[in-house]
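**Q** There's a structure below that I have some questions on.
What follows is calculated from the coordinates using simple rules that are stated; it is not laboratory data. As the structure is a computational prediction, the values presented were derived from the model and not from experiment. Glycine gets a Cβ as well: all are built from the backbone with ideal geometry, and neighbour counts include every protein chain shown.
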Amino acid sequence: MKKFLALLAAAILLTACTSNDQKPTTTVAPTPAKAAVEKQIKAGFIYVGPVGDAGWTWAHDQGRIAMEKADYVLPSTFIESVPEGAEATRVITGLVKKGHNLIFTTSFGFMDATLDVAAKYKDVVFMHCSGYKTADNVGTYFGRMYEPRYLSGLIAGKMTKTDIIGYVAAFPIPEVIRGINAFTLGVRSVNPKAKVKVVWTQTWFDPGVERDAADSLLDVGADILTMHQDAPATLQAAEARGAYVIGYNSDTRKFAPNAFLTAPVWNWASVYTKTAEEVKNGTWKSQQIWWGMKQDLVRLAPLSDKVPAEVKALVAEKQQAIIDGTLIPFAGPLKDQTGREIIGAGAALNDGALLGMNWFVEGVQGTIPK
Amino acid sequence: MNLQFRVEKREQGGPLFRILAIIASILIALFVAGFLLLAAGVDPAAAYLEILREALGSSYGISETLVKTTPLIITGLAVSVAFRMQIWNIGAEGQLYMGACAATWVALFSGVQGSLTLPAMFVAAFIAGGLWASVAGLLRARWQVNEVIVTLLMNYIAILLTDYLIFGPWKNPDGFNFPITAQFSQAARFSEYFDSRLHSGFFLALFCALAIYLLMERTIWGFQVKAIGSNPAAARYAGMKTGLAIFLVLTLSGAIAGIAGFSEVAGLQHRLQHGLAPGYGYTAIIIAWLARRSALGVVIVSFLLGVLLVGGDSLQLSWQLPVAFAYAFQGLILFFLLASDFFINFRLRRITEETDG
């Protein structure tokens, strides 16, 4: 008893003595900097995964760091591994209370939390990645990842020997389905015999589950893998089994030096820098950004030496065609898995059809849970 | 020199002693965590002040702390009810999920509308949580199957069942195939207070604490539960139906945990989704352990943990410490809390030549 009391007293004293000197370090500007003569940007980011995931969240963080180079951008804040749902509301509100005036929420599951907080803090600009709900102070941003996915499909179609390509996919939502379809269209444009097998993991980030899914695809004869996942487990599986792999999110060739061919990657700096500039200038308006390779939001990582020269030339040519607008991946004729024609030659799917996509193109082996 | 210790049972100190021991162990944990903070280049005292300021320094912080405290109180009560009888309900997490599922069914698919919605959700969650735990109760009372294993493993079943519902039949048709249900109507939501997220669930939790206190301290059944817990053989000899009591106490424990699920979906989430409860049912075990027999103790310990969980955000917010730091921090505090429990009941006595001989 006495020992407890002594420790208690000592600890209280310790806290009391050191706390006084440290107050200045804890003060944070309580009000947004909008009263300043020139608006300064204090940006906050909510990440769904850890910054060290080497994937989705890492790519966003690279964008954040690039954004900070502008002289009107104050050091920004990020909160990692925020659960989607009710927890996010508290974390986003915490950023607002700390004086952040521009907040990026970087996962679909933050949509309702973003809208809820935005309704209370009209002076703060919110940007939600990959959602479909907006408000006067909430815009959305996303990229046409299907463009580089199509290009990566060309490489897989040219290089597969078994004509089986494995696709480790997270959730059966339009974003992921669109990527699978574009990739398959790329594959089949150069190799009509090839099939793309899909395995759902129902998680964005779970290295163990992703690894199992990748191994199961290799077991059924896939010699090239690709993925829509945030962990590098698929790359490691391919490396271990001597297969090829096409990554995602960021250039992660260090995880699979022999297997890695390329990866469709995000360049979030393009959106973040532009948004910060618009908010500073007062020209920001709520809109739904959906940029492609032309605006440099999505890219194809440099191709590895394993890719033959003529395939490299083909990809370069098609990439230019996509940027110029002469090649549209989702142009007709398009058939679904059952062989039913969705659109004929000369037409192309519009953005509405792409954003709500819930069917597979011909050549995909897998089902979409309804 | 011969340095040996003997573990001795200590005479029970009063409640004041317990509370001081808990506070002291938190302070020791803060002291140890301070070295981690120093290693990360952050001044520990400033960090701790910031945690307190985040959780308690504003009406918003207090409201968020109470929001976090709510499910901890209810699940803590659920587990502590069974603890009185030396029955270990490790399944509050799964029972919470089943309660949330039942409440969601009422809110979205039963056709119940208007002012009846919330009471119907409450009843459905209470029954669902109770039924889920009653399986373990029946197995234990009838065939002496270990309830720790059954309740624990049924957590996984409950969570996967919830996943099945939100990935399958209950998926929001307008949700772009994302695995969440549609949002509840206003009739299926708790009121919120003070322009914050503080909802009626908090008052429901306090009401539950009062009800459990009265049931356990002021009824014959509560006395029986305690009697069976402290000496099952004697209780049986005195004519108490221990099997029935075990079944009922586990069922009640599950039913209370079910209420926590109801409170989370009606007050906070307003829909059913994956990751509904980030481990509340497991935290509840620690809460019940520390609070022992006291319903008031459950409320106090839950609040302390709520401060820690909400305040822990500030470590990331103010210093950009990685999220792993918050986990390590919580782990240290729980570690020392459980260690203190040992030292409350036992003391180490140095064995010397004199006492030995």
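**Q** Compute the FRET efficiency between A:Lys133 and A:Ala313 as 1/(1 + (r/R0)^6), taking r as their Cβ-Cβ distance and R0 = 35 Å, and round to the nearest 0.05. Don't skip to the end; give the middle numbers.
**A** Numbers: r = 43 Å, r/R0 = 1.23.
My answer for the efficiency is 0.25.
**Q** Per Stokes-Einstein, at 37 °C and 0.692 mPa s, what whole-number D in µm² s⁻¹ belongs to chain B, with the Kirkwood radius over Cα pairs as the hydrodynamic radius?
**A** 151 µm²/s
**Q** Right, next: Taking just the C-alpha trace of region B:86-216, give me its Rg and Dmax in Å.
**A** 16.8, 52
**Q** Let me know the charge dipole size of chain A about its Cα centre in debye, to the nearest 20, where only the beta-carbon of Lys, Arg (+1) and Asp, Glu (-1) is charged.
**A** Values: 38 positive and 36 negative charges, 82 e Å.
So the magnitude is around 400 debye.
**Q** If you don't mind, there's one more thing I want to ask. Which of A:Thr234, A:Thr262, A:Thr275 has the fewest other C-beta atoms within 10 Å, and how do the rest follow up to the most?
**A** Placing the least packed residue first, the sequence is A:Thr275, A:Thr262, A:Thr234.
**Q** Length gain on complete extension for the stretch B:Gln4 to B:Tyr237, per 0.36 nm per residue less the alpha carbon to alpha carbon distance?
**A** Gain on extension, B:Gln4 to B:Tyr237, equals 79.7 nm.
**Q** Also, I was wondering about something else. Need one value for B:25-33: mean number of C-beta atoms belonging to other chains within 10 Å of its residues' C-beta atoms.
**A** Per residue, the average neighbour count from other chains is 3.
**Q** Taking A:Lys294 as the anchor, which lysines have their alpha carbon closer than 21 Å to its alpha carbon, excluding any fewer than eight residues away along the same chain?
**A** Once the sequence-local lysines are set aside, what remains near A:Lys294 is A:Lys274, A:Lys312, A:Lys318.
**Q** For the peptides B:147-153, A:171-177, what is the packing order when you average, over each peptide's residues, the other Cβ atoms within 10 Å and list the highest mean first?
**A** A:171-177, B:147-153
**Q** Please report, in Å, the Rg and the Dmax of the protein assembly as shown, where both are computed over Cα atoms only.
**A** 28.8, 102
**Q** Would you look at the GNM of chain A, springs on alpha carbons closer than 10 Å, and say which of A:Ala233, A:Ala321, A:Ala345 moves the most?
**A** Sorting by GNM fluctuation, first place goes to A:Ala345.
**Q** Same structure, new question: Counting other beta carbons within 10 Å of each Cβ, put B:Ile259, B:Ile23, B:Ile74, A:Ile180 in order, fewest first.
**A** With the fewest neighbours first, B:Ile259, B:Ile23, B:Ile74, A:Ile180 line up as B:Ile23, A:Ile180, B:Ile259, B:Ile74.
**Q** For chain A, state what percent of all Cα-Cα pairs lands in each successive 20 Å bin, counting from 0 Å until the bin that includes the largest distance.
**A** 28, 50, 18, 4, 0
**Q** Could I ask something else about it? By counting other Cβ atoms within 10 Å of each Cβ, how are B:Leu214, A:Leu303 ranked from fewest to most?
**A** Result, fewest neighbours first: B:Leu214, A:Leu303.
**Q** Next question, about the same structure. Which semi-axes, in whole Å and largest first, does the equivalent ellipsoid of region B:154-201 have when worked out from the alpha carbon gyration tensor as the square roots of 5 times its eigenvalues?
**A** Each semi-axis is the square root of five times an eigenvalue, giving 26, 17, 8 Å.
**Q** Moving on to the next point. Just grab the label-to-label distance for B:Val123 and A:Asn258, each label 7 Å out from Cα along the Cβ direction, in nm (one decimal).
**A** 6.7 nm
**Q** In addition: What is the Rg over Rh value, at two decimals, for region B:166-225, using alpha-carbon atoms and the Kirkwood definition of Rh?
**A** 1.26
**Q** Could you name the lysines whose alpha carbon sits less than 20 Å from that of B:Lys241, not counting residues in the same chain fewer than 8 places away?
**A** Cross-link targets: B:Lys226.
**Q** Could you tell me the calculated FRET efficiency between A:Lys306 and B:Arg292, based on Cβ-Cβ distance and R0 = 56 angstrom, to the nearest 0.05?
**A** Once the sixth-power term is evaluated, E becomes 0.30.
**Q** Set the bar at 25 Å for Cα to Cα. Now go through A:Lys193/A:Lys335; A:Lys122/B:Lys171; A:Lys42/A:Lys120; A:Lys42/A:Lys285; A:Lys254/A:Lys306; A:Lys98/A:Lys285 and name every pair that lies beyond it.
**A** Details: A:Lys193/A:Lys335 15 Å; A:Lys122/B:Lys171 31 Å; A:Lys42/A:Lys120 18 Å; A:Lys42/A:Lys285 18 Å; A:Lys254/A:Lys306 15 Å; A:Lys98/A:Lys285 23 Å.
Where the Cα-Cα span goes over 25 Å, the pairs concerned are A:Lys122/B:Lys171.
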